[in-house]
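Input: a single structure, listed below in structure tokens.
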Amino acid sequence: MRILVVEDEVKIAKFIKRGLKEEGYAVDISADGEDGHFLVTTNEYDLIILDLMLPKLDGLSLCRKLRNEKIKVPILMLSAKGTVKDKVNGLDSGAEDYLAKPFAFEELLARVRVLLRNKDVRVPTQLQAGDLVMDLLNHKVTRADKKIHLTVKEYMLLEYLIHNAGTIVTRTMISEHVWDIHFDTFTNVIDVYINYLRNKIDTGFEHKMILTVRGKGYMLQK
Ligand code: CA
């Protein structure tokens, strides 16, 4: 497990690094937000420990920037400010956890362990049903190794169906997960999109994956 510590206070950064290394983690240190961003985008980290007050780019902005860029590495935010508001700001910016300075190393370690444990059961990078494969990192879909080009909406719809492969999903369920809150379930938009998907996924294949379950909804069968 590799951890990035973005902290400009040398003493604290070294203290964290030493302690984590003793626990068997690989640790990199960055002393400002811009450099931290560069490291995150050029390396694979399992966790980021991010200080709030940083030169060049502060912790909150860096956290938001990473989340906007769809970088999902868990973030534990550190700050000398320990008010509820600071904590909420940190979590709102996309951090998973927040720890106020000064902290006991044991507590930091416990939180690191929790975040790394959660990471193991995080969203998979690939979904598969039979010979249909969705690469969630690169947004690529293939069936029997044949590339399938989907629009964003079709992709979202397929992702929902494949998540629920083997079970019937109703139009209401689909609308709640794939369309936004203002979507009118009584329109036939869902059926139209199911047909688009069907044309792209099932055409040319003997085994049809997208089934219509009369009076109920749809099902993706493996
Ligand atoms: Ca700082």
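The Cα trace of the range 126-220 gives Rg and Dmax of 12.7, 37 Å, the first to one decimal, the second as a whole number. Projecting the Cα atoms of 196, 128, 139 onto the charge dipole of the range 126-220, computed from C-beta unit charges around the Cα centre, puts 196 farthest toward the positive end. Which of rounded, prolate or oblate describes the range 3-63 when judged by the alpha-carbon gyration tensor and an a/c cut-off of 1.5? Taking the square roots of the gyration eigenvalues as a ≥ b ≥ c, the range 3-63 is oblate.
What the range 126-220 shows is 59 Å² of accessible area per residue, with the surface traced by a 1.4 Å probe over protein heavy atoms.
Peptides 17-23, 90-96, 142-148 ranked from most to least packed by the mean count of surrounding Cβ atoms within 10 Å: 90-96, 17-23, 142-148. Rounded to the nearest 0.05, what FRET efficiency is calculated for residue 192 and residue 71 with R0 set to 35 Å and r the Cβ-Cβ distance? After rounding, the FRET efficiency stands at 0.55. Round to the nearest 10 and give me the degree value, 0 to 90, for the angle of helix 33-42's Cα axis relative to the longest principal axis of the chain. Approximately 50 degrees, to the nearest 10.
Explain nothing, just the number: relative contact order of the chain, from Cα pairs under 8 Å at least 6 residues apart, as a whole percent. Walk me through the numbers on the way to the answer.
Values: 319 pairs, mean separation 27.3, N = 222.
Relative contact order, the chain: 12 percent.
Of the residues 165, 83, 5, the one whose Cα sits farthest toward the positive end of the charge dipole of the chain, with +1 on the Cβ of Lys and Arg and -1 on the Cβ of Asp and Glu, is 165. In this Cβ point-charge picture (+1 for Lys and Arg, -1 for Asp and Glu), the range 2-119 has a dipole of about 240 debye about its Cα centre.
Per-residue counts of other Cβ atoms within 10 Å, averaged by peptide: what ranking do you get for 130-138, 62-70, highest first?
Working: 130-138: 15.2, 62-70: 16.8.
Descending packing order for the listed peptides: 62-70, 130-138.
Rounded if a/c is under 1.5, else prolate if a/b beats b/c, else oblate: with a ≥ b ≥ c from the C-alpha gyration tensor eigenvalues square-rooted, which is the chain? In terms of gyration-tensor shape, prolate. Taken along the Cα-to-beta-carbon direction at a fixed 7 Å, the label points for residue 212 and residue 88 span 4.9 nm.
Using just the helices of the chain, give the 222 nm mean residue ellipticity in deg cm²/dmol: DSSP H runs with n ≥ 4 each add -39,500 (n - 2.57), and the total is spread over all residues, rounded to 500.
Working: 8 runs with 91 residues, N = 222.
Result for the chain, helices only: -12500 deg cm²/dmol.
Here the relative contact order of the range 2-119, from alpha carbon pairs under 8 Å that lie six or more residues apart, stands at 23 percent.
Where the accessible area of the range 126-220 is counted over protein heavy atoms with a 1.4 Å probe, how much of it, in %, is carbon and sulfur? Don't skip to the end; give the middle numbers.
Working: 3000 of 5630 Å².
It is 53 percent, rounded to a whole number.
Between residue 21 and residue 61, the simple spin-label model (points 7 angstrom out along Cα→Cβ) gives 3.1 nm. Under the convention that each Lys and Arg Cβ holds +1 and each Asp and Glu Cβ holds -1, the size of the dipole of the chain around its Cα centre is about 520 debye.
Compute the normalised compactness of the range 2-119: alpha-carbon radius of gyration over 2.2 N^0.38 Å, N being the residue count. Walk me through the numbers on the way to the answer.
Details: Rg = 12.6 Å, N = 118, 2.2 N^0.38 = 13.5 Å.
Compared with the compact-globule rule of thumb, the range 2-119 sits at 0.93.
On a per residue basis, the range 2-119 carries 51 Å² of accessible surface, using protein heavy atoms and a 1.4 Å probe.
FRET efficiency for the pair residue 205 and residue 153, taken as 1/(1 + (r/R0)^6) with r the Cβ-Cβ distance and R0 = 25 Å, rounds to 0.70.
The values are calculated or read from the model by the stated rules, or taken from the named source; none is laboratory data. Remember, it's a predicted structure, so these values are computed and weren't measured experimentally. All Cβ positions, even for glycine, are placed from backbone atoms using ideal geometry, and neighbour counts span all protein chains on display. When the accessible area is computed, the model is the full protein with side chains, heavy atoms only, and any ligands, DNA or RNA have been set aside. Shrake-Rupley method; radii C 1.70, N 1.55, O 1.52, S 1.80 Å.
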